[in-house]
Structure formats: C-alpha cells, structure tokens
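The values are calculated or read from the model by the stated rules, or taken from the named source; none is laboratory data. On a predicted model such as this, the values are computed, not experimentally measured, just so you know. Glycine also receives a Cβ, built like all others from the backbone with ideal geometry; neighbour counts cover every protein chain displayed.
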Amino acid sequence: MEKLLEEFSLGLFFWQTLLFVLLLLLLYKYAWKPILNAVNDREEGIKNALDAAEAAKKEMQNVTADSEKLLKEARAERDALLKEAREIKEGIISEAKEQSKIEGDKIIKQAQAAIESEKKAAVADIKAQVANLSLDIAEKVIKEELSDKKKQQKLVEDMLGDIKLN
Amino acid sequence: MMLCVGPFAFPAEKENEQHGEQGKDLKTEIKEYISHHLQDSHDFSLFSYTKDNGEHVYVGFPLPVILWDNGLKVFSSSQFHHGETLAEVDGQHYKLYHSKIYKTDAEGTINYDEDHHPTNAKPLDFSITKNVVMIFITGLLMFWLFSSLARSYAKNNGVPTGVGRFFEPIVLYIRDDIARPNIGEKRYKKYMPFLLTIFFFIWFLNMFGMTPLGINVTGNIAITTALAILTFVITNFTGTKDYWMHQFNPLGDSLPWYGKIPLYIILVPIEMLGLIIKPFSLLIRLYANMQAGHIVIGSLIGLMFIFKSWIGSPLSFGLAFAIMLIEVLVALLQAYIFTMLSALYFGFASEEHEHDHEHEAEIAH
C-alpha cells in the first residue's frame, strides 16, 4: 500500500483526468453522438423496411385470398348457371314432349274423327246408291214382272227378305 | 527433443545462475530495467545502449517539466540528463531520482530515512511526462478514428467505410451487450459516451503497452485511480432515489424500525464501504493486471540474457511470445471488464424499482 501511494503521481492524475474528460466531451460531440444516431437511424430504417415488407406480404396474402374467393364465387356461379341451364333444357324438352304428345293425340283424334265421318259419308253414299240401284232394279223387275202377277209377288217378298237380312 | 529437455533444463540453469557471481550483476540490472520501465518517465526514450567506453547513450526526446514550487517552474527534462545531472532553475536545484523529482542542494545530495526512502522535499510535479504524451496521442488517435467513422456515415448513406467497419461492431457490442443488459433499455443512452470512451481508451493504451516503446500507462496507479474516480462520480451523481434509499435503508419495509437499529449499525457502514470498494476494485484490477503483464514479459525477456544458452534462451523466448499473445487478449479483456463493471455499477445506481410503479398504477386504476 505504501509503495502504491509512493507510486501515485498527482501530476499524472491531474493530466489524466483533464485529458480524459476533454476527450470524453470532444468524442461525445464529434463521434459518439453522430455514430449512435446514425446507427439508430439505420436500425430504425431496417426495422421499418422489414415491417413494410411484412405488411406487403400480408397485403399480398389478402389479395390472393380475395382472388381465390372471387374465383370460388365465379366457379359457384358458373355451376349454378350450368345447373339452371340444364334444368331449363330439361324443362323445355319435357314440355316439348308433352306438347308433341298432346298435339299428336289431337291429330290422331282429328284423323279418327275424319275417318269416321268419311266412313259415315261413304256408308250414306253407298246406301243412297244401293237405294238407287234397288229402285232401278225394282223398276226393271217391276217392268218385267208386272206381266206375271205371281212372279211379281215372289220378287217383292224376296227383295224384302234380302233387305231385312241386310 | 528440445521440448523434452526443456522443462528439466529450466530449473537447473536457473540455479546455476543464482550461484554464479556474474549473473547477479546482470540480474540486478534487468530488475532495475524492468522497474524503470514500469514507471512513468520525464523524457520519451525510445531505446538506450552503452558504448564500449561505458557511456550511456539515450535515443529519444526530452519532455517539458512543469513544477509548482513557490511559483511555476517550466524547463526541459533534457536538463536532468536522465538523472545524471541536476537541473538548476531560478536558483533552485532539482534532482531526478527513480523517476521522481526531488528538491536538493547545489551538490544534489539526497537524504534517506531508515527505510532508505528519500526525505527531500518533493515539489508538485505537473510535468508532461511520457504517460501524458501517450494519453494525448491516444486521445488524438481516438478522436481521429471515431470522428472519421462518424463522418463516414453521412457520406456513405449510413454504412461505415474503411477502419470504421472494424470499430462499428465493437461500438455496437458495447451498446447491445454491455450497456443495454446492465443498465436497461430506458437509461443506457446517457452512459454510452463514457462507456465507449473508457473502453477504447483503456484498450488502446493497453495495446500501446504491448509495443516495444516501454509504455505503461494503464499499469500506472494514478491513471487507473483517475478512471475509477470518474466511474465513482458518475455512478453517484446519476444515482436515483431508490439507489440512495438502498444505501441507507437496505432492508426496506421488511422490518419495523426498532428491529433495524442493531442491524443497521453494521449494515449501513458496509453499504457505505461498498460504494468505495467497487471503484477501488476497478482501479486495483486494471493496475495489477497491466503491471503484472509488463513484469512477466520483461522478466521473460530478461531471462533470455541470463540464460545465454541454446536451450534456455529460445525457451524463454517462446514463453515470452506466448505470454505476449495472452497479454494481447488481456489488454482487450481488462478494457472489457472495466467497461462491463462500470456499466453494472451505473445499472445499480440508475435502477428504479419497477414493482413500485406498477403498484402505483394499480391504485390509480
């Protein structure tokens, strides 16, 4: 301890304190403050850039999600449209089938009615013609048979029997 | 082969030298040389040698001597001729004896007490010594380095150039691994200039001590005392209310006042002593480490001249080289420890008890 005290130089202590404090003040003003500020600014800049990148990434994710959602919606809409179209198509087809069936039935009915009426007309015509023919025949028979009374009678009777049979 | 023989040859040679008559002379000379190198000097000597005719030749330059002895006395240290002659200024005679200036009579007699200590009057010595010159050079170097680093940020868009690329990570290390964890995120900023300055100052001066110029600034008790006192002053001037409360009332509310009295008779003086012991440990640690390093290297280099053999000298050279490498590490380590512990003390001093504030906040809610 005594040796240490003897070694202690007040002059050196004085110069050391003075020079060190001076150095501290000078370095504070011209070195440490600008250095630490610059480093801080840089770190802040890096942090901000990272934050911005993160935000951009999130935004991108949002955009992707949005577009995916849109795509999904579009797909669903398309599917709905297609389904609707198919339904419409089926409706049209079945309706057409029904219509055609009704139309066909109608035509068939008309045709049947026409055939019936034709048939009726034809039968009537044939009846008229048969009547005429009968009258003609009857006229001729009458003309021929009037000479013979017996024969006349027989003919009328036969004829009447024939008609009845008819 | 050499390495095998080495350890056995080492003590044998040493013993031989101790018994030898010639070796003793050389040993005292080396011892004096080392102790001279550990001390501050009034001139900046680069090296010295002895001519064949026994004349000592010193290569270097003298430095101004500034004394306060009933008035300011300024003269060049060349007047001492390295302690060989007296300096006469304004009718007063001064003698340089073991790197200290004593006031003597015209013949330069030095009176000793029974312990062989000089009893002559010592004038107040404010000389620009070798250490002061080195402090100045280190200061200039630091100012140049770090102000150019600061300027390079503005020029190069926030990225350092040149040597700043080496120093910037160290600056950041001190900020992120010394100041922030020890002092705390909120308060570390005001201590940064001191921590950075003291770290680089000690490191650079330690490294200068590794050069063959024989500089031993950080191994000087006056220097380490000045540095430790600065830490002490800053610690106590920035001390918060909590810090002082802890000093005078270490137990807080855990005991009633009458229970504290017997404990505090012992506790408070211990806390007070702790205030002084903390910086004292700082100054002794740095001083002793650097001093010891210089003594060990000096001794190992001296051993080479004592051995003068093909086994001992290369071995002590190898040893000196290895210790030198360790010393380079120690130079950094001691700067780191000084800065780290200063930061720790600042941290204690500026600490505010967070839980108290939380409690207050709870009441407010």
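Among the residues in region B:171-178, are any over 21 Å from B:LEU227 (Cβ atoms), buried (at least 19 other Cβ atoms within 10 Å of the Cβ) and modelled with pLDDT under 95? No - not one qualifying residue is present in region B:171-178. For B:ASN206, the criteria (1) within 14 Å of chain A (Cβ to nearest Cβ); (2) buried (at least 24 other Cβ atoms within 10 Å of the Cβ); (3) farther than 15 Å from B:GLY347 by Cα hold in every case but one, which is (1). Among the residues of region B:130-147, are any of a type in the set (S, T, N, Q), within 11 Å of chain A (Cβ to nearest Cβ) and under 15 Å from A:TRP32 (Cβ atoms)? Checked against the condition, which is being of a type in the set (S, T, N, Q), within 11 Å of chain A (Cβ to nearest Cβ) and under 15 Å from A:TRP32 (Cβ atoms), region B:130-147 yields at least one hit. Can you tell me which residue within region A:1-42, out of those that are at pLDDT below 90 and basic (Lys, Arg), is nearest to B:HIS117 (Cα to Cα)? Out of the qualifying residues, it is A:LYS3.
Of the residues making up region B:171-203, those that are more than 11 Å from every other protein chain (Cβ to nearest Cβ) and of a type outside the set (Phe, Trp, Tyr) are B:ASP177, B:ILE178, B:ARG180, B:PRO181, B:ASN182, B:ILE183, B:GLY184, B:GLU185, B:LYS186, B:ARG187.
Taken over region A:143-166, residues that are exposed (fewer than 10 other Cβ atoms within 10 Å of the Cβ), modelled with pLDDT under 70 and not in a helix (DSSP H, G or I) amount to 1. Which residues, taken from region B:55-73, are away from chain A (no Cβ under 13 Å), without any contact (Cβ under 8 Å) to a residue 24 or more places away in the chain and not aromatic (Phe, Trp, Tyr)? Within region B:55-73, B:GLU55, B:VAL57, B:VAL59, B:GLY60, B:PRO62, B:ASN70, B:GLY71 qualify. Kindly evaluate A:ASN40 against the criterion of being within 14 Å of chain B (Cβ to nearest Cβ), in a helix (DSSP H, G or I) and surrounded by 12 or more Cβ atoms within 10 Å (Cβ to Cβ). Yes; evaluated as a whole, the condition is true for this residue.
Residues of region B:237-270 that are touching a helix residue (DSSP H, G or I) at 6+ places or on another chain (Cβ under 7 Å), assigned to a helix (DSSP H, G or I) and in contact (Cβ under 8 Å) with a residue 24 or more places away in the chain: B:TYR243, B:GLN247. B:ASP125: surrounded by 15 or more Cβ atoms within 10 Å (Cβ to Cβ), among the charged types (D, E, K, R) and under 29 Å from B:ILE34 (Cβ atoms), yes or no? Against the criterion (surrounded by 15 or more Cβ atoms within 10 Å (Cβ to Cβ), among the charged types (D, E, K, R) and under 29 Å from B:ILE34 (Cβ atoms)), B:ASP125 qualifies. The residue list B:THR240, B:THR224, B:THR211 contains one member that is hydroxyl-bearing (Ser, Thr, Tyr) and either surrounded by 16 or more Cβ atoms within 10 Å (Cβ to Cβ) or within 13 Å of another protein chain (Cβ to nearest Cβ) (or both), which is B:THR224.
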